Each structure stands twice: as structure tokens, then as C-alpha cells.
Amino acid sequence: MSKIKETSTNFANKQALANECSEVHAANIIGGRWALVICSWLINGKLRFGELKRFLPNITERMLTLQLRKLEKDKIVKRTVYAEVPPRVEYELTPIGYELKPVIQELEKWGVKHKELG
């Protein structure tokens, strides 16, 4: 996941669109290859990093970590660390993240319909 230079025109355009259009802001948060898939797995409840990795075998550990951090920063995912040996870390959707459930379900329906048409 590469960062866009804050001085670039691309960054300025992305910011302007996100500020003016709520749909673009939402797409910036859950768009991309992995964020939506991670959220769809977490809709069913808390998961540990290893469980998420098993559900997403094609994602690298680095990318999974970066995506989880981004979702945590955007307040979609909550990370809980338990003081145990070995340490246990669980990820779950926040209340804002759970609000994505009907959106994800509708996207799934649309995707199934679109696949059938194509």
C-alpha cells in the first residue's frame, strides 16, 4: 500500500472529492482490494489475526496488517490486545463498522447479479 505524496495533484484531487462527496469518502475507507473483504469476515464476530489470514489465503501478512491498521485508524475496526502469554489480539468491527452490514449485503447481491449477467 503506497502513500500518495501530500504535495501531489492526485492527493489534492482525492481530498477535494472526499470533502465534497460523501460517497467518495466512504469508498476511500472501504474501497480497495482487501478492506471490504476483511469487514465482511468481521461482520460475523471477533477474529484473531491468524483466523483472518486463513480466510484470506492470498493476502500477505504485511498487507493484512496495513489494512487492519487503516481500518482501525478510520474507526471501522477495533483491535483488542489481551495481556496473556503468548499475547492474544482480536479484531472486531466497531459500531460504525457494523453499520456497513447492509451495504456489504447489497454489494454482494449486486455482485452476484452482475456475474450472472456477464
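Of the listed requirements (1) on the phi > 0 side of the Ramachandran plot; (2) modelled with pLDDT under 95; (3) open to solvent by 90 Å² or more (accessible area, probe 1.4 Å), residue 32 misses just one: (3).
Among the residues here, residue 84 does not qualify as of a type in the set (Asp, Glu), loosely packed, with under 13 Cβ neighbours inside 10 Å, over 22 Å from residue 105 (Cβ atoms) and under 15 Å from the mean Cα position of the chain (by Cα). Scanning region 22-45 for residues that are assigned to a helix (DSSP H, G or I) and of a type in the set (A, V, I, L, M) returns 24, 26, 27, 29, 30, 35, 36, 37, 38, 42. Taken over region 75-102, the criterion of being in a helix (DSSP H, G or I) and β-branched (Val, Ile, Thr) is satisfied by 96 alone. For region 90-118, a residue qualifies if it is aliphatic (A, V, I, L, M) and open to solvent by 70 Å² or more (accessible area, probe 1.4 Å), and the qualifying residues are 96, 107, 112, 117.
Scanning region 66-91 for residues that are of a type outside the set (Lys, Arg), over 16 Å from residue 30 (Cβ atoms) and touching a residue at least 12 places away in the same chain (Cβ under 8 Å) gives 80, 89, 90.
Pairs meeting the criteria (first residue in region 36-56 and over 15 Å from residue 93 (Cβ atoms) and charged (D, E, K, R), second residue open to solvent by less than 60 Å² (accessible area, probe 1.4 Å) and not in a helix (DSSP H, G or I), beta carbons under 9 Å, at least 6 apart or on different chains) are 53/59. Going by the conditions given, is residue 54 charged (D, E, K, R), farther than 27 Å from residue 25 by Cβ, open to solvent by 100 Å² or more (accessible area, probe 1.4 Å) and assigned to a helix (DSSP H, G or I)? Yes: the conditions hold for residue 54. When the criteria are applied in full, residue 72 fails the requirement of being surrounded by 14 or more Cβ atoms within 10 Å (Cβ to Cβ) and assigned to a strand (DSSP E or B).
The values are calculated or read from the model by the stated rules, or taken from the named source; none is laboratory data. Being a predicted model, the structure only gives us computed values, none of them experimental. All Cβ positions, even for glycine, are placed from backbone atoms using ideal geometry, and neighbour counts span all protein chains on display. The protein model used for the area step is the full one, side chains on, heavy atoms only, and it has no ligands, DNA or RNA in it. Shrake-Rupley method; radii C 1.70, N 1.55, O 1.52, S 1.80 Å.
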